[in-house]
Amino acid sequence: MADLSLSAEKIIMSEEARLTTFIEGCVGGKVVSLERQPRWRKAWYCQVERDGGLVPLYIRGDKQLDAEPYPGLGREARILQILEAHGLPVPHVYGVCQDPEAIVMDRVPGERDVSFAASDEERRTIAFQYIDVMAKMHSLDTADFEAMGIALPSGPEALALAYVDANQPLFDRTRRGPEPMLEFVLKWLRRNAPQDRSEARFIHGDAGQFLFDQGNLTCIHDFEASHIGDPLADLASLRVRNPTEPLGADVNELLRHYQAITGRKIDSWALSYHTAAFMVTAVMALAGPMKDPDTPLQGEYLIWDITCKRAMLWAMAECMGVTIQRCQAPPPQGSYQDLIVRVLEQGIHRLEAASAADQREKQSALMLLEWLKNSASFGAELEQRDTAMLEQLLGETPLQGVDREAQLEQFVLKSGPEQDIALLNYFAAQIEAQVLIASSLGERLEGYALPRVEL
């Protein structure tokens, strides 16, 4: 009888054996350590013995999720090579492994968490250095990037929607049903693209990702979302990275510094527009996997879904001049679910984590348990509020479940600009209710209620 007891550990070891063979071939040495990192995305720290010394490497794996508009790590590796050739501080790429898919690159010394910097002044220095590097990147001729197949947008709409358009086929392919909120946002973005912007530049696409060491920036990294578009898109993405990964200085200061060194004045309305456009792409990428029963979901995806939707809608509210109302918690309602949640909590606490990865999964489970507590306490009341608000919007009784989503999507598709504010208020109320359910995340969620930009 065949042995069906092949463990996940053995599968991983087989994968790492293939990876080791590739690393030794492209770097030219012997792998002496290959350590899988305990994070949601595949990644390894590696050391190769070569010429009597050790070469530290970082192995960047794929996401194992159909959520990328530019699939394949080879594209990102080529971008890193072009940036290195232009003198930008990026990791050197040795090669791209196909099985498992991974980029083999230098492990650049440094830390991303600016709280480890020695002082506030050092943090500010690092943040301003990052803006200097971003400005240099935005000044590059796009020819090398076009030569590798990156499209050059033509016209204001294509420029404003470059990354949205790149994500549209992914969204169309992976969606699993009606998506009324996304249809509303996409419709609004296409109808309101800034018409007075024409400067197409190579942009990071997911800005704010850098490392620093001893008070100085050592590299910028993570270019899988990079494309040719409006430089404002990078500045917009800084706004939504800062809440969870502080940049080291106030975003307004950094925006003013960018203006000063580039001579380009930032249009506040267009910045808000690009904030919404950047966030909608993250929501589009997650839409299908979140509803696909075969996708190996993690708690982090639920957090992303809420935070991205919140920032997206708050940015649209800036453009429309609307103030989004916070959700007020109703009185808690005791139920039998409370007992179930308590028993589940005790069971999770009794689980012993055998590894750092296990501990991470345990913490994620406890986080989700807090959401269940809140949902059991006042989720039913929030659902009643949603139904009443939707009935007023539609002018008819809302249906249930997926039929309700389809009903609302049809309303969105038929609506005109005169319905924009009402639809924004409805979807914002929906997300603010989810924020209340997930209130245990505290400041992490609050940061995505966008702070005012003051240039």
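The values are calculated or read from the model by the stated rules, or taken from the named source; none is laboratory data. Since we're looking at a predicted model, the values are computed, not measured. Positions of Cβ are generated from backbone atoms using ideal geometry, with glycine treated the same way; all protein chains shown enter the neighbour counts.
The table below gives the values:
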| quantity | calculated |
| --- | --- |
| Residue tally, condition in contact with a Phe, Trp or Tyr (Cβ under 9 Å, 6 or more places away or on another chain) and on the phi > 0 side of the Ramachandran plot, over region 396-442 | 0 |
| Identity of the residue in region 21-33, loosely packed, with under 13 Cβ neighbours inside 10 Å and β-branched (Val, Ile, Thr), that ends up nearest to CYS97 (Cα to Cα) | THR21 |
| Per-region count, region 230-285, residues of a type in the set (Asp, Glu) and buried (at least 22 other Cβ atoms within 10 Å of the Cβ) | 2 |
| Tally of residues being touching a residue at least 24 places away in the same chain (Cβ under 8 Å) and over 19 Å from LEU436 (Cα atoms) across region 341-358 | 5 |
| Enumeration of residues in region 428-455 that are closer than 18 Å to PRO246 by Cβ, of a type in the set (Asp, Glu) and in contact with a Lys or Arg (Cβ under 8 Å, 6 or more places away or on another chain) | none |
| Count - residues of region 398-455 that are in contact (Cβ under 8 Å) with a residue 12 or more places away in the chain and basic (Lys, Arg) | 2 |
| Answer from PHE184, PHE212 - the residue that is closer than 24 Å to GLY61 by Cα, surrounded by 19 or more Cβ atoms within 10 Å (Cβ to Cβ) and assigned by TED's automatic domain parsing to the domain that holds PRO243 | PHE212 |
| Some residue of region 301-311 being surrounded by fewer than 21 Cβ atoms within 10 Å (Cβ to Cβ), closer than 25 Å to MET134 by Cβ and of a type outside the set (A, V, I, L, M, F, W, C) | no |
| Test for ALA158: is it touching a strand residue (DSSP E or B) at 6+ places or on another chain (Cβ under 7 Å), surrounded by fewer than 18 Cβ atoms within 10 Å (Cβ to Cβ), modelled with pLDDT of 95 or more and of a type in the set (Gly, Ala, Ser) | no |
| Test result for THR142, more than 21 Å from GLN214 (Cβ to Cβ), of a type in the set (S, T, N, Q) and in the same structural domain as LEU211 (by TED's automatic domain parsing) | yes |
| Total residues in region 243-264, condition without any contact (Cβ under 8 Å) to a residue 12 or more places away in the chain and part of a loop (DSSP other than H, G, I, E, B) | 2 |
| Any hit, region 370-386, residues being free of Cβ contacts under 8 Å to residues at least 12 places away in the same chain and either loosely packed, with under 15 Cβ neighbours inside 10 Å or among the small types (Gly, Ala, Ser) (or both) | yes |
| Failed item, numbered, when ASP106 is tested on (1) touching a helix residue (DSSP H, G or I) at 6+ places or on another chain (Cβ under 8 Å); (2) in contact (Cβ under 8 Å) with a residue 12 or more places away in the chain; (3) surrounded by 15 or more Cβ atoms within 10 Å (Cβ to Cβ) | (1) |
| Residues of region 327-340 classified as under 30 Å from the mean Cα position of the chain (by Cα) and surrounded by 11 or more Cβ atoms within 10 Å (Cβ to Cβ), total | 2 |
| Matching residues in region 272-318 - criterion: being among the aromatic types (Phe, Trp, Tyr) and either part of a loop (DSSP other than H, G, I, E, B) or within 23 Å of LEU368 (Cβ to Cβ) (or both) | TYR301, TRP304 |
| From LEU88, LEU4, LEU57, residue being at pLDDT below 95 and among the hydrophobic types (A, V, I, L, M, F, W, C) | LEU4 |
| Residue check, ILE82 within 23 Å of the chain's Cα centre (by Cα), modelled with pLDDT of 95 or more, of a type outside the set (Ser, Thr, Tyr) and not in a loop (DSSP other than H, G, I, E, B) | no |
| Within region 151-223, helices (runs of 4 or more DSSP H) holding 2 or more residues that are among the aliphatic types (A, V, I, L, M), touching a residue at least 60 places away in the same chain (Cβ under 8 Å) and touching a helix residue (DSSP H, G or I) at 6+ places or on another chain (Cβ under 6 Å) | 180-191 |
| Failed item in (1) surrounded by fewer than 17 Cβ atoms within 10 Å (Cβ to Cβ); (2) at pLDDT 95 or above; (3) under 27 Å from ILE103 (Cα atoms), with PHE223 passing the rest | (1) |
| Those residues of region 34-55 which are loosely packed, with under 14 Cβ neighbours inside 10 Å and under 22 Å from GLY299 (Cα atoms), in sequence order | PRO38, ARG39, ARG41 |
| Which numbered condition GLU76 fails, given (1) assigned to a loop (DSSP other than H, G, I, E, B); (2) closer than 18 Å to ASP222 by Cα; (3) in contact with a Phe, Trp or Tyr (Cβ under 9 Å, 6 or more places away or on another chain) | (1) |
